[in-house]
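The values are calculated or read from the model by the stated rules, or taken from the named source; none is laboratory data. Since the model is a prediction, treat every value here as computed from it, not as a measurement. Counting neighbours? That spans all protein chains shown, and the Cβs are built from the backbone with ideal geometry, glycine included. Calculation scope for accessible area: heavy atoms of the full protein, side chains included, ligands and nucleic acids excluded. Shrake-Rupley method; radii C 1.70, N 1.55, O 1.52, S 1.80 Å.
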Amino acid sequence: MATDILPGPACSSMAEVRAGVDALDRELVALLARRFAYMDAAARIKPTRGRVRDEDRKAQVIANARAEAERLGLPGDAIADLWERLVEASIAYELAAFDAR
């Protein structure tokens, strides 16, 4: 995070809050780009298109996210819902990458 960006508890104005949120959103998108690069690798490595969707792995990933969220005091249901959408978007991306190769 940039040095002029304050941590949330230190913010005293909405401008500071918004600057922090905007900076964090940029970091989150960069992390998502790294995550989707793994989907590119998976599409390259998996032998068949049918192997792209793995419901057991999907459930594990969502459960891991929920558990970590709850450990950090965040709402597990909300995080699980976000991860459901993230995993489905990742699967769609991986399928497209698989089809493109």
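Key figures for this structure:
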{"quantity": "Residues located in segment 64-81, provided they are without any contact (Cβ under 8 Å) to a residue 12 or more places away in the chain and either under 15 Å from the mean Cα position of the chain (by Cα) or over 21 Å from V29 (Cβ atoms) (or both)", "calculated": "N64, A67, E68, A69, E70, R71, G73, P75, G76, D77, A78, D81"}
{"quantity": "Flag if E16 is more than 22 Å from the chain's Cα centre (by Cα) and either open to solvent by 50 Å² or more (accessible area, probe 1.4 Å) or in contact (Cβ under 8 Å) with a residue 40 or more places away in the chain (or both)", "calculated": "yes"}
{"quantity": "Number of the condition not met by D56 [criteria: (1) without any contact (Cβ under 8 Å) to a residue 40 or more places away in the chain; (2) under 30 Å from I5 (Cβ atoms)]", "calculated": "(2)"}
{"quantity": "Set A37, A33, A78: member being small (G, A, S) and open to solvent by 60 Å² or more (accessible area, probe 1.4 Å)", "calculated": "A33"}
{"quantity": "Lone qualifier among A43, A10 - being surrounded by fewer than 13 Cβ atoms within 10 Å (Cβ to Cβ) and more than 15 Å from the chain's Cα centre (by Cα)", "calculated": "A10"}
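Residues are listed down the side, and each one gets a yes or a no for (1) among the basic types (K, R); (2) touching a Cys at 6+ places or on another chain (Cβ under 7 Å):
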residue	(1), (2)
A15	no, no
G20	no, yes
A33	no, no
G50	no, no
D56	no, no
R66	yes, no
L74	no, no
Y93	no, no
F98	no, no
